[in-house]
Amino acid sequence: MRRYWVKDNFIEPYHPGQNPFERDQALWKQDSIKIMIESKVDPRGWFRVMCHTADLHNHRANFSSEDNTPPLTKAKGEISDITLLTEFHFIEDILYQDYNYKFPVEGGNEKPGKWFGRALNHGDGMCSWILKADDELMVRSNIRSARKDRPNATYVD
């Protein structure tokens, strides 16, 4: 804390209103519940939903700051790439590239899955969590939307 000049602040016990993070945490929980209800996520996916909600909040403008700067921009000093957050909705149907296929195969080398948010600590900034048909999570960067209204969507790589 001394190295980074972090100030110590203590709140009075049993008065969570004195802690500004308590309000943020309540907003994150509200947004997570909305996402779970709207996308009909299995309750076992709550952790991925919370990670996605935190990712969204870290990239939104912070209207409580003087210059409305998003928290990650303020922390890093650079604007983050939010392509995946704007291209895909949580639990959207996607097609991912399957690397374990024998050429030639009917239908190509794509398999269906669901987009489960960005994989922030894996690979580059374009990696995503993918929920496969067998309820297993994996990380992929070669994905595209499977929505019919976007037939020409290309790989995000």
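Figures for the structure shown
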read-out	value
Which listed residue is loosely packed, with under 12 Cβ neighbours inside 10 Å and out of contact with any His (no Cβ under 6 Å at 6 or more places or on another chain), from ASP98, ASP93, ASP124	ASP124
Matching entry among THR86, THR69 (being out of contact with any His (no Cβ under 6 Å at 6 or more places or on another chain), of a type in the set (S, T, N, Q) and under 28 Å from ASP149 (Cα atoms))	THR86
Test result for ASN58, surrounded by 14 or more Cβ atoms within 10 Å (Cβ to Cβ), assigned by TED's automatic domain parsing to the domain that holds PHE21 and at pLDDT below 80	no
Number of positions in region 81-113 that are free of Cβ contacts under 8 Å to residues at least 24 places away in the same chain and in contact with a helix residue (DSSP H, G or I) (Cβ under 6 Å, 6 or more places away or on another chain)	1
Qualifying residue in region 6-27 (condition: modelled with pLDDT of 80 or more, closer than 27 Å to MET138 by Cβ and under 17 Å from the mean Cα position of the chain (by Cα))	no
Some residue of region 6-24 being in a loop (DSSP other than H, G, I, E, B) and surrounded by 11 or more Cβ atoms within 10 Å (Cβ to Cβ)	yes
Positions within region 49-89 being aliphatic (A, V, I, L, M) and under 17 Å from the mean Cα position of the chain (by Cα), in sequence order	VAL49, MET50, ALA54, LEU56, ALA61, LEU72, ILE79, ILE82, LEU84, LEU85
Residue check, LEU131 modelled with pLDDT of 85 or more, touching a Pro at 6+ places or on another chain (Cβ under 7 Å) and surrounded by 11 or more Cβ atoms within 10 Å (Cβ to Cβ)	no
ARG140 vs. criteria over 23 Å from ILE33 (Cβ atoms), modelled with pLDDT of 90 or more and in contact with a Cys (Cβ under 9 Å, 6 or more places away or on another chain)	yes
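Residue-by-condition table, conditions (1) aliphatic (A, V, I, L, M); (2) within 14 Å of the chain's Cα centre (by Cα):
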| residue | (1), (2) |
| --- | --- |
| ARG118 | no, yes |
| GLY123 | no, no |
| MET126 | yes, yes |
| SER145 | no, no |
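The values are calculated or read from the model by the stated rules, or taken from the named source; none is laboratory data. Every value quoted in this text rests on a predicted model; they were computed, and no experiment measured them. All Cβ positions, even for glycine, are placed from backbone atoms using ideal geometry, and neighbour counts span all protein chains on display.
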